[in-house]
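The values are calculated or read from the model by the stated rules, or taken from the named source; none is laboratory data. Every value quoted in this text rests on a predicted model; they were computed, and no experiment measured them. Neighbour counts run over all protein chains shown; Cβ positions are idealised from the backbone, glycine included. Only protein heavy atoms, including side chains, enter the accessible area calculation; ligands, DNA and RNA are left aside. Shrake-Rupley method; radii C 1.70, N 1.55, O 1.52, S 1.80 Å.
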Amino acid sequence: MKLRTGILTAAMVAALAVASPVKAETFKYAFQGNLSSLDPHSLNESFLLGTLGNVYEGLVLYDPDLKIIPGLAESWKLLTPTTWEFKLRKGVKFHDGQDFNADDVIFSWQRAGSEGSDQKVRSGQIKNITKVDDYTIVVETPAPNPILVQDMPYLFIMDKEWSEEHNTTTSTSAAGDNAGNYANLHANGTGPFRIESHQPDVKTVLVRNENYWKDIPSNVTEVDFTPIKEAPTRVAALISGELDMVYPVPVQDWSRLEKADGVSALTGPEARTIFIGFDQGRDELLYSNIKGKNPFKDQRVRAAFVHAINLDAIKEKIMRGAATPTGLLAAPQINGFVESLNTPYAYDPEKSKALLAEAGYPDGFEVTLDCPNNRYVNDEKICQAVTSMLAKVGVKVDLLAQPKSKYFGKVLATSGYDTSFYLLGWTPGSMDVENVLSSLIVCQDPENKRGMFNLGNYCNPKVDELTAAIGSETDQVKRNAMIKEAFTIVKDEVGYMPIHQQPLSWGVSDRVKVNQRADNGLDFRYVTVKK
């Protein structure tokens, strides 16, 4: 048994769609975390969006190679630098039988921008949508936006009538108390699968939408999802045949799969960057023994922290050589990646001690690190390593590792980002660095829906200016120059502590074929069960 790498190509998928008749087959899989909500606007998390992308759809979709293809829109064109015309697909029905039309698109865009939505950044790229007729809309953007369509696969469309009937016309964040939101526990999309049953934290069953508007290669008629936090339990269930696929598989368990029959580790580079952020906005940290000031406002302190971390040790000891240490918040697969800036900060603990002393903290200080323990590959182990390394330069870190539901509920708290120091992972939905800049790096600006995931409020007006220009620039040479300038500023100021690009790490039974995308999304359209 060998590790498998690779992705289905569009041509392979087309051939498979012709060759594979649909037969009744059940696909069973597990992920380390739960499906936090069925509301497609509730949480900007790749697992939730990837899963609900089988139930709900956007105007455009991803193909197996992450290329944009028509979805609920059949075509689109640019009318002026700031207006787009979309021709919507006729004959599409929601799972409850209601027709899809322009009213649903306008409603969903407005809902995605509602107070409790976690999709405000995406919805905020659109200034207005005008209905021309039931199947034609004109989308207006605040400024020229040549990559608008690239960021639309996860702007999911809900049924306006269904939402109004069930009093769920606004979203409630999955990071908070969403018990009263009907869409949190029920779904009604246009996708190839519909929700049959949903028991939060226990099991979700999806069944084939026999009225789906297009042919797909999958022969799966039922999908059973079970959240299993413990990696050994997930892997054991795969090896025993109870499950067809599990993810992520900790890299230290790859050898376990290598020794087992009938299963494989499906691996590859992921477009996700794992990083640590600092609260640089508050005048006093929420969780530190330093009172009356914020150490992280001092660039020397942030520099001391990054130079204290041995990324190569994390790569070799925790990630078993499978991660790629990085100096940027964007992976090589992302459009606009700047290779010349990707060199990580040098590991130099003596320099860290000197910088801390120079900044007025010769004995270090105390701070709490917020970390999920069931979201990213070896996330808690990474945080434990960072904690240990910082201790060696005099910084005492109180590690608060929690399941992702509690973690996101804390750090994304609607009352204000409740964290001083945190680990996060990011894959830009548009696969473009503009998303990284506008989501993670520009100054927090809730009114204009910018910097919504800049939890520590790193803020540099020049970077904001460059980001706005990058979003509208069509000349690729000029755009790349501005991207490089922006990331150079962030790196020089030590705005963040980049860790690595984590690996894709799935465990798959030999009885199924799946498509492994670089964004770690599992699209049921391309899952087949072998006879």
Inset, instruction - Mind counting the residues in segment 481-531 that are part of a helix (DSSP H, G or I) and in contact (Cβ under 8 Å) with a residue 24 or more places away in the chain? - result: 11
Inset, instruction - Among the strands (runs of 3 or more DSSP E) lying completely within segment 357-454, list those that include at least 2 residues that are within 30 Å of I126 (Cα to Cα) and not aromatic (F, W, Y). - result: 421-426
Legend entry - Cβ pairs under 6 Å, 6+ apart, first in segment 296-312 and touching a residue at least 60 places away in the same chain (Cβ under 8 Å), second assigned to a helix (DSSP H, G or I) and polar (S, T, N, Q): A304/S352; A308/S352
Inset, instruction - Inspect segment 246-253 for any residue being open to solvent by 40 Å² or more (accessible area, probe 1.4 Å), farther than 30 Å from G97 by Cα and either among the β-branched types (V, I, T) or in contact with a Lys or Arg (Cβ under 9 Å, 6 or more places away or on another chain) (or both) and give the result as yes or no. - result: yes
Legend entry - Residue ID - least open to solvent (accessible area, probe 1.4 Å), chosen from residues in segment 326-353 that are out of contact with any helix residue (DSSP H, G or I) (no Cβ under 8 Å at 6 or more places or on another chain) and in a helix (DSSP H, G or I): E350
Legend entry - Looking only at segment 226-240, and only at residues there that are under 29 Å from D63 (Cα atoms) and of a type outside the set (D, E, K, R), the one that is nearest to the chain's Cα centre (by Cα): P227
Inset, instruction - Taking A14 as the residue in question, decide whether it is more than 27 Å from the chain's Cα centre (by Cα), modelled with pLDDT under 95, in a loop (DSSP other than H, G, I, E, B) and among the hydrophobic types (A, V, I, L, M, F, W, C). - result: no
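For (1) over 28 Å from L423 (Cα atoms); (2) of a type in the set (S, T, Y), each residue gets a yes or a no:
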{"site": "F225", "(1), (2)": "no, no"}
{"site": "I228", "(1), (2)": "no, no"}
{"site": "A231", "(1), (2)": "no, no"}
{"site": "G241", "(1), (2)": "yes, no"}
{"site": "D244", "(1), (2)": "yes, no"}
{"site": "S255", "(1), (2)": "no, yes"}
{"site": "E258", "(1), (2)": "yes, no"}
{"site": "D279", "(1), (2)": "no, no"}
Legend entry - Filtered residues of segment 122-143 (kept if of a type in the set (A, V, I, L, M, F, W, C) and open to solvent by 20 Å² or more (accessible area, probe 1.4 Å)): V132, V138, A143
Inset, instruction - Please tell me if E493 is modelled with pLDDT of 95 or more, of a type in the set (D, E, K, R) and buried (at least 21 other Cβ atoms within 10 Å of the Cβ). - result: no
Inset, instruction - Output the residue which, of all residues in segment 265-282 that are among the small types (G, A, S) and over 14 Å from Y376 (Cα atoms), is surrounded by the most Cβ atoms within 10 Å (Cβ to Cβ). - result: G277
Inset, instruction - Filter segment 59-91 down to residues that are among the basic types (K, R) and farther than 21 Å from N435 by Cα and give me whichever is least open to solvent (accessible area, probe 1.4 Å). - result: R89
Inset, instruction - Scan segment 469-480 and report the pairs whose first residue is modelled with pLDDT of 95 or more and whose second residue is of a type in the set (V, I, T), with Cβ atoms within less than 9 Å and a gap of 6+ or a chain change. - result: I470/V433; I470/I483; R479/I470; N480/V338
Inset, instruction - Specify which of the listed residues (L285, L243) is more than 23 Å from D379 (Cα to Cα), open to solvent by less than 20 Å² (accessible area, probe 1.4 Å), in contact with a helix residue (DSSP H, G or I) (Cβ under 6 Å, 6 or more places away or on another chain) and touching a residue at least 12 places away in the same chain (Cβ under 8 Å). - result: L243
Inset, instruction - Write out, first by first residue and then by second, each pair whose Cβ atoms fall under 7 Å of each other, whose residues are 6+ apart or on separate chains, and whose first residue, in segment 129-153, is among the aromatic types (F, W, Y) while the second is open to solvent by 10 Å² or more (accessible area, probe 1.4 Å) and part of a loop (DSSP other than H, G, I, E, B). - result: Y135/K90; Y135/N101
Inset, instruction - Quick one: in segment 191-225, of everything that is within 25 Å of the chain's Cα centre (by Cα) and polar (S, T, N, Q), which residue is surrounded by the most Cβ atoms within 10 Å (Cβ to Cβ)? - result: S218
Inset, instruction - Can you tell me which residue within segment 505-531, out of those that are among the aliphatic types (A, V, I, L, M) and either buried (at least 23 other Cβ atoms within 10 Å of the Cβ) or modelled with pLDDT of 95 or more (or both), is farthest from E316 (Cα to Cα)? - result: V529
Legend entry - Count of segment 60-77 residues which are part of a strand (DSSP E or B) and out of contact with any Asp or Glu (no Cβ under 8 Å at 6 or more places or on another chain): 7
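Residues are listed down the side, and each one gets a yes or a no for (1) farther than 19 Å from G495 by Cα; (2) touching a Ser or Thr at 6+ places or on another chain (Cβ under 7 Å); (3) in contact (Cβ under 8 Å) with a residue 60 or more places away in the chain:
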residue	(1), (2), (3)
T343	no, no, no
A346	no, no, no
P362	yes, no, no
F365	yes, yes, yes
L369	no, yes, yes
Inset, instruction - May I ask you to say which residue of Y29, Y56 is open to solvent by less than 10 Å² (accessible area, probe 1.4 Å), assigned to a loop (DSSP other than H, G, I, E, B) and in contact with a Phe, Trp or Tyr (Cβ under 9 Å, 6 or more places away or on another chain)? - result: Y56
Inset, instruction - Might you let me know whether segment 418-430 holds any residue that is without any contact (Cβ under 8 Å) to a residue 40 or more places away in the chain and open to solvent by less than 30 Å² (accessible area, probe 1.4 Å)? - result: no
